[in-house]
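Q: This is the structure I have questions about; it appears just below.
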Amino acid sequence: MSISERLREATAEAHRQAEHSPFIEDLMSGRLDRGEYERLAAQLYFIYEALEEVGDALADDPVAGAVIDDKLRRLPSLGADLASFGVDPSTVTPLPAVARYVEAIQSTRTDPARYVAHHYTRYLGDLSGGQVVAHRMREHYGVDDSGLTFYNFEGIDKLKRYKDDYRARLDALPLDADAVDRLVDEALAAFAHNQAVFGDLDGARAA
């Protein structure tokens, strides 16, 4: 089984659970308000800040460098979206689950195979479901394009073709069996971190 097949199979249930978390279901169904999307975007800023900082440090690594691509970089567009909302990330406190997620990403600096798991989980998710998220935010909450540049991948014309190429790069990674196991385990951990973030967002809303 290829690396991409193992990842897809191993994370299928975790992916389903993430899509059906109460916060995401309510957000995507229009049962919340624009402010909840802005809170999500502000928390994502810390996650992508860590992801891209570690990615820059690993850019020359033969494993991590094989998937790192400036076309995927999201932090500048996420910062622009927050600015359009009037949100300054420096004034936002990371939720406890976000702080743990950031720490997990930073810990992969010495293990590129584990870093790839976070790269795969975040960016493939953005490429796959991002257009749907953007559409729902426009439809339900009136967020205009200036607040949704996060989902606009400049330089990637054909999303499916790019995702297929990304999976091919995953499958060609120079990893032994132990490293592939670490990659898959870390991808499952990344989904668990995402779930915890949604839980914190939901808890903060209820409070």
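The values are calculated or read from the model by the stated rules, or taken from the named source; none is laboratory data. Please read these numbers as outputs of a predicted model, since none were measured by experiment. Backbone-built Cβ (ideal geometry, glycine too); neighbour counts: all protein chains shown. Ligands, DNA and RNA are excluded from the accessible area calculation, which covers all protein heavy atoms including side chains. Shrake-Rupley method; radii C 1.70, N 1.55, O 1.52, S 1.80 Å.
Q: Under 19 Å from Lys163 (Cβ atoms), modelled with pLDDT of 95 or more and either among the charged types (D, E, K, R) or in contact with a Ser or Thr (Cβ under 6 Å, 6 or more places away or on another chain) (or both): is that true of Asp70 in this structure?
A: yes
Q: Another question, if that's okay. Anything in segment 18-43 that is open to solvent by 80 Å² or more (accessible area, probe 1.4 Å) and closer than 25 Å to Tyr115 by Cβ? List them, or say none.
A: The one that is open to solvent by 80 Å² or more (accessible area, probe 1.4 Å) and closer than 25 Å to Tyr115 by Cβ: Glu19.
Q: Out of curiosity, is Asp60 surrounded by fewer than 16 Cβ atoms within 10 Å (Cβ to Cβ), over 30 Å from His20 (Cβ atoms) and either free of Cβ contacts under 8 Å to residues at least 60 places away in the same chain or touching a helix residue (DSSP H, G or I) at 6+ places or on another chain (Cβ under 9 Å) (or both)?
A: Answer is yes for this residue.
Q: Failed condition for Arg161, given (1) outside any helix (DSSP H, G or I); (2) open to solvent by 70 Å² or more (accessible area, probe 1.4 Å); (3) not hydrophobic (A, V, I, L, M, F, W, C), with all others met?
A: (1)
Q: Could you say whether any residue in segment 128-148 is part of a loop (DSSP other than H, G, I, E, B) and crowded, with 17+ Cβ neighbours inside 10 Å?
A: yes
Q: Got at least one residue in segment 174-187 being modelled with pLDDT of 95 or more and within 20 Å of Arg34 (Cβ to Cβ)?
A: No - not one qualifying residue is present in segment 174-187.
Q: Only residues that are open to solvent by 40 Å² or more (accessible area, probe 1.4 Å), hydrophobic (A, V, I, L, M, F, W, C) and in contact (Cβ under 8 Å) with a residue 24 or more places away in the chain: list them for segment 176-207, please.
A: Selection gives Leu188, Ala192, Ala204.
Q: Being out of contact with any strand residue (DSSP E or B) (no Cβ under 8 Å at 6 or more places or on another chain) and on the phi > 0 side of the Ramachandran plot narrows it down to one of Gly147, Gly155, so name that one.
A: It is Gly155.
Rundown of residues vs (1) over 14 Å from the mean Cα position of the chain (by Cα); (2) of a type outside the set (S, T, N, Q); (3) within 15 Å of Asp126 (Cα to Cα), yes/no style:
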{"position": "Lys158", "(1), (2), (3)": "yes, yes, yes"}
{"position": "Ala168", "(1), (2), (3)": "yes, yes, no"}
{"position": "Ala179", "(1), (2), (3)": "yes, yes, no"}
{"position": "Leu183", "(1), (2), (3)": "yes, yes, no"}
{"position": "Glu186", "(1), (2), (3)": "no, yes, no"}
{"position": "His193", "(1), (2), (3)": "no, yes, no"}
{"position": "Gly199", "(1), (2), (3)": "yes, yes, no"}
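Q: Of all residues in segment 101-127 being touching a residue at least 40 places away in the same chain (Cβ under 8 Å) and among the charged types (D, E, K, R), which is most open to solvent (accessible area, probe 1.4 Å)?
A: The qualifying residue most open to solvent (accessible area, probe 1.4 Å) is Arg109.
Q: Given the structure, is Arg31 in a loop (DSSP other than H, G, I, E, B) and either of a type in the set (Asp, Glu) or more than 14 Å from the chain's Cα centre (by Cα) (or both)?
A: yes
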